[in-house]
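A short worksheet on the structure shown next.
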Amino acid sequence: MRFLIGILAGAIFGLGLVLAQMTDPSRILGFLDVFGHWDPRLALVMVGALAVHASSSYWIRRRGKPLLASSLHLPRQTSIDRRLMTGAALFGIGWGLAGYCPGPAIVAAPTNPSALLLALSMIVGMWIYGRWFENRRRTESAEATIQTSAYLSGKLTP
């Protein structure tokens, strides 16, 4: 059931992107061109998205749990750090160069070769990052375990 609701939500999201013409890179680049011929349509889409998010977040928090899960899964980290800033900068650079963010790129991929290339590049980039991050995390965790074991056994002093 959750899978079908996920498919339905994704289809509604994709349809909204198409109807709002957010799969057209010229709309995005027009929004980013604040000193030229500025196109405010993306701002209206963002306001609509914020309204939907704010009302649904209020409703879910008031209810105490989501409809199809046992508990809310909210982010634990709320601080702005180097990793967040790096990701935001990469996202913004890619958005400004390509005129696509991930959702519209995936929606436009079947009909637009540049969107398909971007979507495939995103997938490869996520895979590379996942492999690198997971390996790094495992290595750091193993080193911490070794140091803790050595400390507890008296072979390492603080």
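The values are calculated or read from the model by the stated rules, or taken from the named source; none is laboratory data. What you are looking at is a predicted structure, and each value in this text was computed from that prediction instead of being measured. Heads up, the Cβs are rebuilt from the backbone with ideal geometry, glycines too, and the neighbour counts pull from every protein chain shown.
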Checklist entry - Which of the residues belonging to region 58-113 are among the polar types (S, T, N, Q) and touching a residue at least 24 places away in the same chain (Cβ under 8 Å)? => result N112
Checklist entry - In region 124-158, which residues are surrounded by 12 or more Cβ atoms within 10 Å (Cβ to Cβ) and modelled with pLDDT of 65 or more? => result G125
Checklist entry - Of all residues in region 72-117, how many are out of contact with any helix residue (DSSP H, G or I) (no Cβ under 6 Å at 6 or more places or on another chain), within 30 Å of R61 (Cα to Cα) and assigned to a loop (DSSP other than H, G, I, E, B)? => result 10
Item to check | Hits in region 14-32 - residues which are under 20 Å from H53 (Cα atoms), touching a residue at least 40 places away in the same chain (Cβ under 8 Å) and surrounded by 15 or more Cβ atoms within 10 Å (Cβ to Cβ) | outcome: G14, L17, M22
Item to check | Options L8, L29, L4, L15; residue that is within 19 Å of P113 (Cβ to Cβ), among the aliphatic types (A, V, I, L, M) and not in a loop (DSSP other than H, G, I, E, B) | outcome: L29
